[in-house]
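**Q** Got a structure for you, questions after.
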Amino acid sequence: MQTPATERLTAWVHGSVQGVGFRWWTRARALELGLVGHATNHADGRVLVIAEGDREPLERLLTLLRSGQTPGSVTLVVEHFDAARGGLFGFVER
């Protein structure tokens, strides 16, 4: 049984991150960490990652996004933490 998420990570990922499996990779890592949310391509080339869960796994996902081991090439991740809003189920690619 999943416990209610406590925090939300909003991360804008910049770089060459579309068309390279980045959203799929992010989804796999988020699910391994027990997070819910989504990874969404935007017209300007960035990927928006929204994830909810406990702070520690959110921090781990952020570290992975910045690790240099993602598909494509991440040049910058701009993140913001706030309270979880709920309403997210699983982790999807958009």
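**Q** How large is ³J(HN,Hα) for each residue in the range 88-94, as worked out from phi by the Karplus curve 6.51 cos²θ - 1.76 cosθ + 1.60 (θ = phi - 60°), to whole Hz, x for Gly and Pro?
**A** Values, residue by residue: 9, 9, x, 9, 10, 9, 10 Hz.
**Q** Give the angle, between 0 and 90 degrees and rounded to the nearest 10, that separates the Cα long axis of helix 22-32 from the longest principal axis of the Cα atoms of the chain.
**A** Tilt relative to the chain: about 30 degrees.
**Q** Looking at [x] 12.1, 38; [y] 13.9, 40; [z] 16.5, 56, which value of Rg and Dmax of the Cα atoms in Å comes from a calculation on the structure shown?
**A** [x]
**Q** Another question, if that's okay. At 0.36 nm per residue, and after removing the present C-alpha to C-alpha distance, how many nm does the segment from A83 to S16 gain when stretched out fully?
**A** 21.2 nm is the gain from fully extending A83 to S16.
**Q** Using only DSSP helix segments of four residues or longer, with each worth -39500 (n - 2.57), what per-residue ellipticity at 222 nm results for the chain after dividing by its residue count and rounding to 500?
**A** The helix contribution divided over the chain gives -7000 deg cm²/dmol.
**Q** For the pair R55/W24, report the inter-label distance in nm, with labels modelled 7 Å from Cα in the Cβ direction.
**A** Spacing of the two 7 Å Cα→Cβ label points: 3.5 nm.
**Q** Let me ask another. If I take every Cα pair under 8 Å that is 6 or more residues apart in the range 7-84, average their sequence separation and divide by the length, what percent do I get for the relative contact order?
**A** 50 percent
**Q** Local charge sum around G72 (other residues, Cβ-Cβ under 12 Å, Lys/Arg +1, Asp/Glu -1)?
**A** Counting the neighbours of G72, the net charge comes to +2.
**Q** Mind pulling the angle between the C-alpha long axis of helix 55-65 and the longest principal axis of the chain? Nearest 10 degrees, somewhere in 0 to 90.
**A** It is inclined by approximately 10 degrees.
All of the numbers you see were taken from the coordinates with simple rules; none came from a lab. Remember, predicted model here, so these are calculated numbers, not experimental data. No Cβ is skipped: glycine too gets one built from the backbone with ideal geometry, and neighbour counts run over all protein chains shown.
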